[in-house]
There are 2 protein chains.
Amino acid sequence: MSVLVVGSIALDTVKTPVEEHADQLGGSASYASLGASFFSPVQLVGVVGDDFPESEFDFWKQHRIDASGVQRAKGKTFRWSGEYAWDLNTRETKSVALNVFENFSPTLPENFRETEFVLLANIAPSLQSHVLDQMKRPRFVVADTMDLWIETTRKDLDALLPRVDLLILNDSEARQMTGETSLIRAGRKIRKAGPKYVAVKKGEHGALLFGEDEFFSCGAYPLEDIHDPTGAGDTFAGGVAGYLAGKTRGEVNFQQLRRALIYGSVLASFNVEAFSMDRMRSLTTDEIDQRYDMFRMMSHFEVLE
Amino acid sequence: MSVLVVGSIALDTVKTPVEEHADQLGGSASYASLGASFFSPVQLVGVVGDDFPESEFDFWKQHRIDASGVQRAKGKTFRWSGEYAWDLNTRETKSVALNVFENFSPTLPENFRETEFVLLANIAPSLQSHVLDQMKRPRFVVADTMDLWIETTRKDLDALLPRVDLLILNDSEARQMTGETSLIRAGRKIRKAGPKYVAVKKGEHGALLFGEDEFFSCGAYPLEDIHDPTGAGDTFAGGVAGYLAGKTRGEVNFQQLRRALIYGSVLASFNVEAFSMDRMRSLTTDEIDQRYDMFRMMSHFEVLE
């Protein structure tokens with residue numbers, strides 16, 4: 001089954017203590033759709049300018065990402081530039097040029113409106129709601145968000161939450177949103193505000209998943225070296241939504257969500273191993289399955305062979 | 001099989017934002033031996049003053065903790081007093097009076113010297129080495145340490161490491177000891193300095209376990225409310241060492257260590273639910289097993305019923 005992915009498409013310039021690359025494919029929808037494509041066909045909605053490389057459309061086609069929902073607007077593509085600190089844990093945004101993204105309004109092609117799985121990648125919550133308004137009857141809605149929307153468009157975000165099945169956010173955002181220090185309290189509180197499930201990402205410490213009476217905790221894949229953390233969260237969300245769309249049947253249950261979280265973590269761990277999406281461009285499903293098995297070995301303490 | 005536990009025995013005065021209790025049983029060996037006692041008989045070595053309540057000796061006896069290695073010295077028992085910040089994440093030591101602990105030199109009763117499992121709870125590494133010097137042929141040595149020893153007695157600590165099978169320390173101590181930001185690098189580096197296995201505790205984020213080619217990661221039990229974090233690390237170490245002594249046969253392997261870490265986490269999670277050791281004083285093995293099963297439910301994503 002396909003998954004619809006809506007979000008930003010950008011050309012990123014990223015500097016780490018050891019490398020710098022300009023105008024690399026970036027944006028929440030680019031990372032998320034590539035992550036999802038390993039598990040299910042993707043329908044991509046976004047906007048690019050007339051300077052956007054045609055080769056990326058070919059790349060999407062090869063990865064069964066249907067880019068017929070990507071608008072081509074007059075002007076330049078959204079550009080973002082950032083620099084990471086020495087430990088890659090913090091980053092500073094050097095410049096943002098919204099360009100054609102400034103007036104982006106996601107309009108779904110007719111044949112995208114009946115898609116049952118949706119990933120609202122990180123964009124303004126009002127746009128995320130606008131996407132849902134156009135859909136016939138989505139079966140499972142995953143939404144990603146960020147500190148900016150919690151701060152500046154809280155009302156829009158609050159209005160979106162009851163329409164979301166799985167909300168994904170990181171630990172500091174969960175604390176910011178609830179005023180709770182305990183992530184357990186924070187996750188449970190956010191769930192009560194609407195989403196059926198809440199996933200809290202904790203970077204090197206893994207992720208937590210909250211359901212009504214269910215709880216799941218997983219670690220992060222043990223990487224010694226990270227080359228570029230850009231897009232890790234978007235890739236995680238893409239892996240989760242893609243797995244649910246492609247690998248589950250019927251109603252999504254907590255057990256499937258557990259596995260989806262692991263697959264999201266696997267994808268994100270590959271993504272940060274190289275600059276931009278470079279690692280994911282050559283990634284195989286065998287490599288994904290091997291790392292999934294590693295996750296099992298490092299998490300399970302009963303019934304191991 | 002018994003486990004020998006050596007460390008400090010104190011009377012603690014602890015203040016949290018909601019409660020304050022004076023002269024409660026505390027110290028690394030007190031918490032660790034009680035934690036261990038749920039899985040195996042304990043041989044306790046430490047020192048108390050002539051003001052130490054006789055009732056605690058009765059309490060130890062009820063918990064199959066053999067306190068014949070506890071020296072009774074002239075003078076006052078070691079006293080520690082601390083206060084926790086509003087979120088219980090940081091604490092300030094208000095006062096320390098070493099008293100009889102100042103000149104403590106752990107001397108093992110003859111019948112303790114052949115014990116095969118040892119937990120060197122948190123005390124100066126020179127004393128930890130002194131304990132090992134007196135032992136015939138320990139099969140598995142667990143050692144706990146802290147920032148103070150890394151800072152002030154690093155040489156003694158380095159000399160101890162090759163004699164240790166499992167070193168337990170927390171995340172900031174692992175970083176401090178190695179100068180590495182990545183806990184994965186830090187854990188692997190410490191293992192290369194001597195211990196066969198290294199466990200890194202991460203508080204609310206659980207724990208990591210490093211072996212030669214093996215890695216294990218577990219979350220923390222999801223508690224909404226913590227009443228008193230004092231002794232959580234000592235209890236964890238006690239649970240780990242007690243489980244290994246009481247529940248494993250033959251050579252300790254990585255799979256047994258995985259389970260030991262979970263039992264340590266279970267014990268620690270109970271311990272912080274009430275002041276001092278109050279929760280552990282009434283804890284049952286059924287409650288421990290139930291929480292162990294919860295850990296399985298929250299960690300496993302394959303082969304769940």
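Numbers below:
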read-out	value
Reduced Cα scattering model of the stretch A:6-139, Debye log10 I(q)/I(0), q = 0.20 Å⁻¹	-1.20
Chain A - mean residue ellipticity at 222 nm from DSSP helices (-39,500 (n - 2.57) per run, n ≥ 4, rounded to 500)	-11000 deg cm²/dmol
Rounded if a/c under 1.5, otherwise prolate or oblate - the stretch B:155-305, Cα gyration tensor axes	prolate
Cα extents of the protein assembly as shown along the three principal axes, largest first (Å)	87, 44, 41
Relative contact order (percent, whole number), the stretch A:3-299, Cα cutoff 8 Å, 6+ residue spacing	18
Separation of alpha-carbon centers, the stretch B:214-248 and the stretch A:110-146, rounded to whole Å	42
Rotation relating B and A, chain A residue nearest the axis via C-beta, angstrom	A:205, 2
Area projected by the alpha carbon convex hull of chain A, averaged over all directions, nm²	15.2
Lysine-lysine proximity count for chain A, Cα under 28 Å, sequence distance 8 or more or distinct chains	29
Chain B: most fluctuating residue of B:131, B:18, B:240 per GNM, C-alpha cutoff 10 Å	B:18
Cβ crowding within 10 Å averaged over residues, with A:167-174, B:31-38, B:103-110 ranked highest first	B:31-38, A:167-174, B:103-110
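Every number here is computed from the coordinates shown, using simple stated rules; none is lab data. Everything numeric in this text was worked out from a predicted model, so none of it was measured. Using ideal geometry, Cβ is built from the backbone for each residue, glycine included, and neighbour counts are taken over all protein chains shown.
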